[in-house]
Each structure stands twice: as structure tokens, then as C-alpha cells.
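A short write-up of the structure that comes next.
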Amino acid sequence: MTSNCHFYTNTFEKLSQWLSQKLLSSFDDNKYNIKDPWSLKTKLEEITLDDDEIPMSFDAKSLFTMLDRNLIIDILKKKFKKIQDTIGKHLSWSMFEKLISFCISDSTYFSALDKKYYQKQGCPMGSSISPILADIVLTELLDFATKTVFEKFNYKPKLITKYVDDLLFIIRASFVDIFLNIMNDFNPLLKFTFELPVNNSIPYLDMLIIKKDNKIITNWYQKETSKGRMLNFNSCHSISIKMNTAKGFLNRIFGLSHQSFWDNNIQIATNILRKNEYPIAVINRLINNEINKILSNQTLQDNINNSLYVSCIDESQSSTLINIESPRYYSFTYIKNLSEELRRIIKTNIPDIKITFKYRNTIGLRLFSKIKDKTPKNETSGVIYQVNCKDCNAIYVGQTGNKIRTRMYGHKHDVTDTSRIGCKLAEHSKTTKHSFDFENVSILDTEKQKFKREILEMIYIKKSFKNGNCINCKNDVDNLSKIYVGIM
């Protein structure tokens, strides 16, 4: 199912984002959620297991599309007082319900293979509000399951955590089926499967969680289907990107694994990096740095826990605010050798500006198929366009952040509006009685950011002036820097 809906208006997107922010603020204290695998590893290392307790996982089947919309409304109604603390008392439950219903029921249209469809159940894929609602429903389900088991059996699992639709339990083996039945009976649409440990270990996120001597240790985990492909050292990227990619990879391998696995993981990491053509000297240095960093952090944490460090901050000065200006970030397309020198010059002369690089030649653009339907021309927004005169060779170049059809409607209105002259397109049409081909407008380029779009517009106008048939004003390119002349 392709969730590329041309019916999704800016209103729907902004409403979903606004509701998502308010719901996130209302339920930011979720006791089950884990931030990342590293925080889970820390939590697991503090647990001592009984002999009959095991780590195991539950997984929701097709979570987003199996969420019961009526269940969502019921849960939100029950928790609306808590939500009102964030959104304010001015918004009533009836209005809030209409807003939620609009996002999850009335706007679930999508297109696939040039056909339009309506999603009959569940939350819309790709909507910003769907993961928030799924999280609220799963939290309610877990509260219900743990309360039911405690009331019937006077038992609580030692640990319950979740990451999106993956649930990790530390639980007595005899209670697995009990929890599964309760969770599957919670709602007719929501169904769960479970996975038990094999050889006292179970994969979860990027870790292998292992029960050993009534304690939990972890090891870095990758699926058998993993090919170990990552950013190649000889690719056309800045050296900082390559090094940071390797550092992040090594941080995951050693940061998520117990020290008893490090010797084996050193060999695995070396083999993977060598396959991606990283020099052996670079690999050895990066691995040593990562291991030393982890060990030094552990030593620092142990010293803090043992109260060997005393705060050197004067408490009377602790409330003093230090105004540190945030750096400004700018991005440029990466060009080998040139980009590094440009960043060095800017860093030397304007230290508060940080330069990052972006890359046009990506796998997504080059290899992956376009699974979404192409947006119709008239629905395209953020474009530089060209309109041709039907009666002569005149052309008009413009830019708009709105959809093409909206901008063309504006041009048509300017042409028929006798109260003012309007833009050069309207002026040409009124003075010569010519008509423009609004139905076959050409898209010259696309750019979402207005500043960049205006620069592109000036460049295309400047290029069109050379052909002698552009009717735009001469001063339309007054703000175009002379550095672009050589490029054009």
C-alpha cells in the first residue's frame, strides 16, 4: 500500500503535526518507552533474574493499520483531562474528537498505480500522528494486561519495555501464555505474536539479550541477511562523513556488547570495515579509540558512583545564565577537495558558521524504484516555472511555493483584472491581446526553500534574457550575484 495521497492538504498535515506535539507533551512520561538500545542495556544490567524468569518479546501484527479507531477515541476521552492540561481548557472534548477523527478517519485517502483508495481501518501510514496514537494505545494495553495479571495472580513482570511495536518482557516462563491471551483479547483487531529465547538468548533491537548466571549480558546483533554494506572509504564523500560513519558503527558494536565479546567483535568489525575498503591503520586506530572511550566513561561513572568527585560549581553562581550564541549552519553540495578547502577558510575567518555537506548522487535517487505515484504537474509546489505565449515567442519565468494550478489561477485573474496592470505576464497579455498557454506550463526546477528558489528564478530569467524573448523585468535579476555569470 502506497501512502502517497494528493488529497493530503497542508491543513491536514499541519493539524496532524499540531495534535502530535500536544499529545507528545501530554504523554511524555511513558514508563514503558526506551530511548535507544544503550539506555536499555544499562537498565538490563541492573536486573537480577530468578531461575524461572526469562527475557522474551511480543510483537504487534501490522500495528498502524490494525488500530481500532473507536478504541483510540475511547482512550483519549478517558485521558482528556490530562490532555487539557497541555492544550488548554478552551478546547472542548467534542471539538478535540472531531479533530482526531478528521486525521484518522476522514483523510485516509491514498493513491497507488494511478488509482485512488480509502483506508477503511487503522491509522494512516505516513501521518505524524499515527505513531503517537499507536504509542498511547499500546501503553493502555500494557497497563490493562499488567493490572489484570496482578489482580488475578498477584504477579508483576520484572521488566516491560517497548520500542514502537516491539515489546520486551522479563517474565516468568509460565506467564507468557497468560499475557499473550490477555493482550490478544484486549481488542479484536490488535493481535500479537511472541518469541522465546533460544539458548538463553533473544535478539531485540540491535542486541542479543543473554541470560547468564541470573544476570543479563548483551552482545551486538546483526541479522543473518546483513551484508555488512556501509559507506565505502573510497566514495565521493568528505573524510569526516566516512570517519563518523565508521565511529558510529563501532560505537554500536562495542557500546552494546559485554566486554567478554569484544575480542570476537574486534575481528567482526575489522572484516566489515575492510570489505568497505577502510585502511587497516585507520581501522585499528578507530577501534582503539572507541574501546578506550568506553572504558574511560565507565571509570568516570564508577568514580561518580563512589562519590570521588565533588562539584566545583559555586551554588551561589549556579543560577547565572551564560549567553552563548548558537552557531549558524549552512549546507553545500559536496565537491571533492574544493569543499574541504572552503570549510577550512570559513572556519578560520567566520568561526560561528558551521558548514555541512549534502550529496546529490545517493542510492535512493540512483537505484531505488519510485514506489509512489508521480505527483501531477498541477499539484507540484515549490517550483520555478515557464509560461509561453500562444501568439508569439514571448516567455515568462516565475517561481511559487504554492501548487502550479494555484499560481496559474492567479495569473489568469491578473490577465482579466482591469483595475491594475499586474505582473509582466499580465501586462504583455493586456497590451498585445495575446494569450498564454497556462495549461502547458513548464517546470524548470524545484526547490522548497524560498531563498534558494528566488536565486534559481533569477538564474533562469538571466539565461532567458540571452535568448531575447523573456518578458520579465530587467530589475528582476538585480540581486543576482555576479559569481553566477561564469556558471551560466
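Scanning segment 458-468 for residues that are surrounded by 12 or more Cβ atoms within 10 Å (Cβ to Cβ) and farther than 15 Å from Lys482 by Cα yields Ser464, Phe465. Do we have Ile160 as touching a residue at least 60 places away in the same chain (Cβ under 8 Å) and surrounded by 15 or more Cβ atoms within 10 Å (Cβ to Cβ) here? When the stated conditions are applied, Ile160 passes them.
Which count do you get for residues in segment 222-243 that are among the β-branched types (Val, Ile, Thr) and not in a helix (DSSP H, G or I)?
Just the residues of segment 222-243 that are among the β-branched types (Val, Ile, Thr), to begin with: 225, 239, 241.
When the remaining residues are screened for being not in a helix (DSSP H, G or I), the result is 225.
So the answer is 1.
Residues in segment 76-93 that are modelled with pLDDT of 90 or more and small (Gly, Ala, Ser): Ser92 alone.
Considering only helices (runs of 4 or more DSSP H) fully contained in segment 418-487, which possess at least 3 residues that are touching a strand residue (DSSP E or B) at 6+ places or on another chain (Cβ under 8 Å) and either in contact (Cβ under 8 Å) with a residue 40 or more places away in the chain or not aliphatic (A, V, I, L, M) (or both)? It would help to see each step written out before you state the result.
On the way: elements: 424-432, 450-467, 483-487.
Fully inside segment 418-487 and qualifying: 424-432, 450-467.
Within segment 1-25, residues that are more than 23 Å from Asp85 (Cβ to Cβ) and in a helix (DSSP H, G or I) sit with their Cβ atoms under 8 Å from residues that are modelled with pLDDT of 85 or more and open to solvent by less than 40 Å² (accessible area, probe 1.4 Å), at 6+ positions apart or across chains, in these pairs: Phe12/Cys103. Looking across segment 371-397, the residues that are surrounded by 17 or more Cβ atoms within 10 Å (Cβ to Cβ), within 32 Å of the chain's Cα centre (by Cα) and not in a loop (DSSP other than H, G, I, E, B) come down to Gly382, Val383, Ile384, Tyr385. Can you spot a residue in segment 65-81 that is assigned to a helix (DSSP H, G or I), within 30 Å of Gln259 (Cβ to Cβ) and among the β-branched types (Val, Ile, Thr)? No, segment 65-81 contains no residue that is assigned to a helix (DSSP H, G or I), within 30 Å of Gln259 (Cβ to Cβ) and among the β-branched types (Val, Ile, Thr). Going through segment 100-120 one residue at a time, which ones are outside any strand (DSSP E or B) and surrounded by 14 or more Cβ atoms within 10 Å (Cβ to Cβ)? Hits for segment 100-120 are Ile100, Ser101, Phe102, Cys103, Ile104, Ser105, Ser107, Thr108, Gln119.
From the list Ile287, Ile182, Ile216, exactly one residue is open to solvent by less than 40 Å² (accessible area, probe 1.4 Å), within 30 Å of Leu67 (Cβ to Cβ) and either assigned to a loop (DSSP other than H, G, I, E, B) or in contact (Cβ under 8 Å) with a residue 12 or more places away in the chain (or both). Which is it?
Numbers: Ile287 fails: within 30 Å of Leu67 (Cβ to Cβ); Ile216 fails: within 30 Å of Leu67 (Cβ to Cβ).
Among Ile287, Ile182, Ile216, only Ile182 is open to solvent by less than 40 Å² (accessible area, probe 1.4 Å), within 30 Å of Leu67 (Cβ to Cβ) and either assigned to a loop (DSSP other than H, G, I, E, B) or in contact (Cβ under 8 Å) with a residue 12 or more places away in the chain (or both).
The values are calculated or read from the model by the stated rules, or taken from the named source; none is laboratory data. Remember, predicted model here, so these are calculated numbers, not experimental data. No Cβ is skipped: glycine too gets one built from the backbone with ideal geometry, and neighbour counts run over all protein chains shown. Only protein heavy atoms, including side chains, enter the accessible area calculation; ligands, DNA and RNA are left aside. Shrake-Rupley method; radii C 1.70, N 1.55, O 1.52, S 1.80 Å.
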